[in-house]
Amino acid sequence: MVNKLNAQISLENFSSNLYLQMSAWAEIKGLDGSAAFLRKQAKEELDHMHRLFKYVYETGALPAIGETKAPPTEFKSISDLFQQVLDHEKLVTGKINKLMDSALKENDHSSVDFLQWYVSEQHEEEHTIQQVLDKIRIIGESGSGVYFIDRAIGEMLRKH
């Protein structure tokens, strides 16, 4: 179980780096609302990593941050960027679900209890990003649409 939790630590670290890199892309495109939203997501992912890290050492095991690959730096559009965020969140959800399956199979009740927070968090993360994609679809990216998309994403940040 410790090896699986350590793998999740590395994935959360990658997630933070991914969203931070995405925020830089948004920033240079003049998408301040999206950049701020993604920086907040990056910080949350880092918090998730630290939460896992602490849990592993509290169990008496050694947490280990594995190698983290570099995230992509280029995106075709704001919709492409947020679709990649949703795809990544779905990947993370799948990994959390597998961790939960392992904890249940091993009768590791402490880990089941601990991981329940991540299950709920992933539901919220996917829902939030789907809302962003819905706004992008409704507003559209042509003309001044990207400006209004970015404003809408910035408003979402203030509400959360």
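Scanning the range 1-54 for residues that are crowded, with 17+ Cβ neighbours inside 10 Å, of a type in the set (A, V, I, L, M), in a helix (DSSP H, G or I) and out of contact with any Pro (no Cβ under 7 Å at 6 or more places or on another chain) yields LEU5, LEU11, LEU20, MET22, ALA26, ALA35, ALA36, LEU38, ALA42, LEU46, MET49, LEU52.
Of the set (1) outside any helix (DSSP H, G or I); (2) in contact (Cβ under 8 Å) with a residue 40 or more places away in the chain; (3) exposed (fewer than 15 other Cβ atoms within 10 Å of the Cβ), all apply to PRO71 but (3).
If I ask for residues that are farther than 14 Å from HIS88 by Cβ and touching a residue at least 60 places away in the same chain (Cβ under 8 Å), which ones from the range 31-49 would you list? Show your work before the answer.
Looking only at the range 31-49, we keep the residues that are farther than 14 Å from HIS88 by Cβ, and these are 31-37, 39-40, 43, 46-47, 49.
LEU31, ASP32, GLY33, SER34, ALA36, PHE37, LYS40, listed by residue number.
Consider the range 90-120. How many of its residues are among the polar types (S, T, N, Q), within 22 Å of GLN130 (Cα to Cα) and exposed (fewer than 12 other Cβ atoms within 10 Å of the Cβ)? Working first, answer last.
Our first condition is that a residue be among the polar types (S, T, N, Q); within the range 90-120, this holds for 93, 97, 102, 107, 110-111, 116, 120.
Add one more test, that the residue is within 22 Å of GLN130 (Cα to Cα), and what stays is 93, 97, 116, 120.
With the extra rule that they be exposed (fewer than 12 other Cβ atoms within 10 Å of the Cβ), the set shrinks to 120.
The qualifying residues number 1.
Here ASP80 meets the list (1) within 17 Å of ALA35 (Cα to Cα); (2) more than 16 Å from the chain's Cα centre (by Cα); (3) not β-branched (Val, Ile, Thr) almost entirely, failing just condition (2). Look at the range 128-144: where a residue is charged (D, E, K, R) and a partner is surrounded by 11 or more Cβ atoms within 10 Å (Cβ to Cβ) and not in a helix (DSSP H, G or I), sitting 6+ places away or on another chain with Cβ atoms under 7 Å, you get GLU141/SER77.
Readers should treat all values here as calculations from the given coordinates under stated rules, not as data from a laboratory. None of these values were measured; they are calculated from a predicted model. We place every Cβ from the backbone using ideal geometry, glycine too, and count neighbours over all the protein chains shown.
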